Amino acid sequence: MKSFFGRYLTMKREKIKYGFHRAWKMRTCYLFLLPYAALFITFFILPIATSIYYSFTYYNILEAPRFVGLQNYINLILQDEVFLTSVKNTFVIAVITGPVGYILSFLFAWFINELPRWLRTIAVVVFYAPSIAGNAFYIFSIIFRADAYGYLNSFLLQFGLIDAPLQWLLDPKYILGVVIVVILWMSMGTGFLSFVAGLQGVDRSMYEAGYVDGIRNRWQELYYITLPSMKPMLLFGAVMSITTAFNVCDVPRALAGYPSTDYAARTIVTHLFDYGFSRFEMGYASAIATVLFLVMILCNKVIQSVLRKVGT
Amino acid sequence: MSKKNAVRHIEQPKFKTRAEQLHFQAALRGEIEEEQPQLNVRKFLIGALAIFVILGIALGFTCYQIDKIGRMNEQIEQGLIEGTVGDEISIYMAVRVGIIAVAVLFGLYVLIKLCKPKRRKPNRSFWGDLCIYLVMGVIAVAMVFPLVFSVASSLKPLDELFRFPPRVFPQHVTLDNYSDLIVVLGQSWVPFSRYLVNTVFITLIGTFGHVVIASMAAFVLAKYDFPGGRLFFNVVVTALMFSGYVTGIPNYVIMSKMKMIDTYWAVILPAFAAPIGLFLMKQFMEGLPDALIEAAQIDGASQGRIFWTIVMPNVKPAWLTIIIFSVQNLWNTNASTVIYSESKKTLVYALQQIQAGGIARTGMAAAVTVIVMLVPISIFILSQSQILETMASSGLKE
């Protein structure tokens, strides 16, 4: 038994030694990686580590952090009703805009794929423009304005569908819907570009082979040929759409106000923003960030395992 | 994924005779022209043209009538002429909508007929194409409407901005909103050019550093297998999901410890390490043949030399892409959490302050929106072919 452990340890040691040896031989590689790695660790890894640490403390920037154990998390779940509202809103937004935006951006990319080149370029610009147009979503505050001068209200009034202007951005009944529409409008982002480019790269002979093998319509072709060859792009697109779906913050803040009526448009990130940058309760805000972070990683794992099954 | 595997669930099409099957396969190989009902193209075009002209005249006439009635109604309301506000407008409206719908349908039909390839692709039905492109057309119009609308409302004079019922397009085009914007910016106690210089400085330095640093890292991650490299890349991919807000708070603390709050570096340094740039660059560099690097190594080139003279010139589309993503990101940054002194604020931040000025600044706010969105969209339009080339390699391999 002892000799087994002894041998195991020797093996491990040899392996580590070999690893070091290899690392020493490749030392210039680390030199190349160093500037990026240093910055990346400072601004991405370290913040997450400190955020996890701060989430167990009471910290208000002025005083040194004081360790409070799980108190932040307990308060978050048991006492903070607004947080639960924000979780609910975030999930409603994420569950609708994430999958819908993802599927729509794939379908649009797929449909425009067969257009002639010039038309495809126009279509790509049209669909991609909203997501890079800065704060162009501001224009929705005019479209959804609460008085009769708002475009939607005046349109509905003209056709007699409503008899008094609706408070689109003030009435808790509508706020979330409006926010979802605006986010969907902006959801053709980097993932969409990746799909468009990926579809161009699918091997043409696969389609012909599929036709010989008896694929009858475009949907079968999509499921059996196109999707399996697009898997890497689909995974990338999933990461991007999770990012946009969970990090909703600017749109509800700009449209529905901050805070919004009855917290109807409060998301986890606006809640975090409130505690972090308005009240400076960094410990509590870090707990929110940690929860959000865990949820996103979990979601990513689930989606990746689902996508692996597509078309096989 | 092998071809056989991909389609294994589907049965072979049923053929009654062997001859039929042979004919089908020959048609697939392109040896026999597929029989298709051929349209007489010239007749079709002439017909299409004629119908378009008729529709155009009808449309123009209806629009003219509607405007006339609208003007009359306005005059009646103002008491300039006698009469009552009529209901005719809604009838004309319905006619107009109907005509536009027919014209759009017909236009799409013609477009598909004209644009389709000589030999139709298999597995595509004409009516399926028509339905899909119709839906796509409607959605595209809906997508582009807010952008067009913001351009249109930035060109409206104040009285038209608050017109009831509102119109989409301005009747008297004016640049007043833009000149007002310049006046307002000129009155602020920090000159407007200062905001512009701030943003340009941040964008230039941030993008340049990002391209160099990220491609150095991407080069070794893509082309060399060294301990820890793959792990590092996986961490970067996970980091694609963090938004600035999640890491914002500890970042603020770290930056304040490093005395970087309220300096440009608070915006620039995190931008250097943006994960998306490294990710795209690495995926693109993996497509470069290894033989290229090996050949250079045999010729005695150092790693630095390989990077600068062999790899970098070969990944131009990728740099353009990450330059563009970085510029978009930095141009749109408002950095409101890390910069607070007025003279260091970015352009977007300053413009958003104007936008927040309430209802009296509606026109100016629209002008701001247009200015802010114009830069990234035009950069994208100019460089979209390179971007798409890079994005083709963006897939996440397991």
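Values in this text are rule-based calculations from the coordinates and carry no lab data. Treat the numbers as computed from the prediction; the structure is a model and nothing was measured. Using ideal geometry, Cβ is built from the backbone for each residue, glycine included, and neighbour counts are taken over all protein chains shown.
From Cα pairs below 8 angstrom and at least 6 apart in sequence, can you work out the relative contact order of region A:1-117, rounded to a whole percent?
In percent, rounded to a whole number, it is 9.
Among A:Met26, A:Met282, A:Met230, which one shows the biggest mean-square fluctuation in a GNM of chain A, springs joining Cα atoms closer than 10 Å?
Taking springs between Cα atoms under 10 Å, the residue moving most is A:Met26.
Which of A:Trp118, A:Ser131, A:Ile96 sits closest to the plus end of the dipole of region A:30-142, meaning its Cα is farthest towards the positive end, when Lys and Arg get +1 and Asp and Glu get -1 on the C-beta?
Result: A:Trp118.
Before rounding to the nearest 500, sum -39500 (n - 2.57) across all DSSP H runs of length at least 4 in chain A and divide by the residue total; then give [θ] at 222 nm in deg cm²/dmol.
Computed ellipticity for chain A at 222 nm equals -20500 deg cm²/dmol.
Using the membrane-span-like helix rule (whole DSSP H runs, Cα extent along the own axis of at least 27 Å, mean Kyte-Doolittle hydropathy at least 0.5), which helices of chain A qualify?
A:81-112, A:282-308
Provide the net charge surrounding A:Tyr58, with neighbours chosen by a C-beta distance below 13 Å and charges set as Lys +1, Arg +1, Asp -1, Glu -1.
0
Using a cut-off of 14 Å between beta-carbons, work out the net charge of the residues near A:Asp262 (Lys and Arg +1, Asp and Glu -1, A:Asp262 not included).
Value of the local net charge: +1.
Would you kindly state how much longer the chain becomes between A:Val302 and A:Ala148 on full extension, computed as 0.36 nm times their sequence separation minus their alpha carbon distance, in nm to one decimal?
50.9 nm
Rounded if a/c is under 1.5, else prolate if a/b beats b/c, else oblate: with a ≥ b ≥ c from the C-alpha gyration tensor eigenvalues square-rooted, which is chain A?
Oblate, since a/c reaches 1.5 and b/c is not below a/b.
So if we plug the beta-carbon distance of B:Ile298 and A:Tyr18 into 1/(1 + (r/R0)^6) with R0 = 22 Å, what FRET efficiency do we get, rounded to 0.05?
0.30
With 28 Å as the limit, write out which pairs from A:Lys309/B:Lys282; B:Lys257/B:Lys282; A:Lys88/B:Lys282 have Cα-Cα distances beyond it, or answer none.
Distance filter (> 28 Å) returns B:Lys257/B:Lys282; A:Lys88/B:Lys282.
Counting partner chain Cβ atoms within 10 Å of every residue's Cβ in B:223-234, what's the average?
4
Would you mind getting me the FRET efficiency between A:Tyr223 and B:Val141? Use the beta-carbon distance for r and R0 = 30 Å, nearest 0.05. Don't skip to the end; give the middle numbers.
Working: r = 29 Å, r/R0 = 0.98.
Calculated value: 0.55.
What residues qualify as long-range amide H neighbours of A:Trp168, i.e. H under 5 Å apart, gap of 5 or more or another chain, H built at 1.01 Å from N?
Counting only residues 5 or more places away or on other chains, the set is empty.
Using Cα pairs under 8 angstrom and six or more residues apart, how large is the relative contact order of chain A, in percent?
Computed over chain A, the figure is 27 percent.
For A:Asp262, put the label point 7 Å out on the Cα→Cβ axis and report which residues of region A:156-175 keep their amide N under 17 Å from it.
So the set is A:166-175.
Return the long-range amide H neighbours of A:Thr57 (sequence gap of 5 or more, or a different chain), with a cut-off of under 5 Å between placed amide H atoms.
Distant-sequence amide H within range of A:Thr57: A:Val68.
Can you give the local net charge around A:Phe137? Use residues other than it whose beta-carbon is closer than 15 angstrom to its beta-carbon, Lys and Arg +1, Asp and Glu -1.
Cβ neighbours under 15 Å give a net charge of +1.
Can you compute the FRET efficiency between B:Arg305 and B:Leu231 using 1/(1 + (r/R0)^6), with r the Cβ-Cβ distance and R0 = 25 Å? Round to the nearest 0.05.
0.35
Within 10 Å of each Cβ in peptide B:211-221, how many partner chain Cβ atoms are there on average? Round it to a whole number, please.
On the way: counts 0, 2, 9, 4, 2, 6, 9, 3, 3, 9, 4.
Taking all residues of B:211-221 together, the mean is 5.
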